[in-house]
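The structure appears below as structure tokens.
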Amino acid sequence: MASRHPIPAMLAAAFAAAAVLAAPAQAATFTNGSFEDIVAGWTADPSLVQTFTEFNHRNEAGEVTHTYLPVEGLLLGVLTAPYEADTPFVISQTFTTVGGLFSGWAAFSGGDALPWNDTAFVRLVGPAGTISLFTSDIAGVGDYGHTPWNLFSVVLGAGTYTFEAGVSNASDPFDPSFLILDGITLAEVPEPGTWALMLTGFLGLGAALRRRRARALNPA
């Protein structure tokens, strides 16, 4: 038996088909940006990246002065500067996209004092070069200082990119600092095939409306 409401059904089918077509491309690009699966999908030394439900920043006396909570999900990722002086610990992930909005959150928890200027960075390396998304150091936050969560975002064109985040222990093998990350996502634009499918659905809907109007004006 034919549906009594063919037009809404056709419109729903068009959107559903478009969503099915778009979903695989979006899911296959950037993964585990909230570290819910620890370091799955990342190129990293597991001994230097940890996940927590919260992370406490401490001052020189060891007192908690700030607590970071996850921005998205249940966990956040914490990178620890290695004890090797001036050797940054870097995690990375390479992905290919049709283009879209890349965003996330970063914070720096300083565990040292000047002149030992520990540093942290977040960046993207892509077709047009390197895009700096976040930087911080002891000189910027003060001795044993910290930043709040910082939102970074950039609109990407189509291409292959490498996301890199790192933290280093400057000039001494003591008192490491930390880079905290969470909620790193890529919201891709629909692919051309998705737009084509949606356009086909709308054209079909328009044709159905015209036939329905014609039958109403010229009943058999």
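A few notes on this one:
- The one condition in (1) open to solvent by 20 Å² or more (accessible area, probe 1.4 Å); (2) over 18 Å from Ile180 (Cα atoms) that Pro88 fails to fulfil: (2)
- Complete set of residues in region 51-72 that are open to solvent by 60 Å² or more (accessible area, probe 1.4 Å), touching a residue at least 40 places away in the same chain (Cβ under 8 Å) and touching an Asp or Glu at 6+ places or on another chain (Cβ under 9 Å): Glu60, Val71, Glu72
- Test: Ala85 is in a strand (DSSP E or B) and within 26 Å of Asp143 (Cβ to Cβ): no
- Output for region 110-143, where each listed residue is hydroxyl-bearing (Ser, Thr, Tyr) and more than 20 Å from Gly77 (Cα to Cα): Thr130
- Residues (open to solvent by 10 Å² or more (accessible area, probe 1.4 Å) and either part of a strand (DSSP E or B) or at positive phi (or both)) located in region 98-117: Leu101, Ser103, Trp105
- Only one entry of Leu21, Leu75, Leu79, Leu48 meets the criterion of being open to solvent by 20 Å² or more (accessible area, probe 1.4 Å), modelled with pLDDT of 95 or more and aliphatic (A, V, I, L, M), and that entry is Leu75.
- As a summary of the residue check, Asp45 satisfies the conditions (1) charged (D, E, K, R); (2) closer than 25 Å to Ala170 by Cβ; (3) in contact with a strand residue (DSSP E or B) (Cβ under 6 Å, 6 or more places away or on another chain) except for the one numbered (3).
The values are calculated or read from the model by the stated rules, or taken from the named source; none is laboratory data. Computed from a predicted structure; not experimentally measured. Don't worry about glycine lacking a Cβ; one is built from the backbone with ideal geometry, like all the others, and counts go over all protein chains shown. The accessibility values were calculated without ligands, DNA or RNA, using every heavy atom of the protein model including side chains. Shrake-Rupley method; radii C 1.70, N 1.55, O 1.52, S 1.80 Å.
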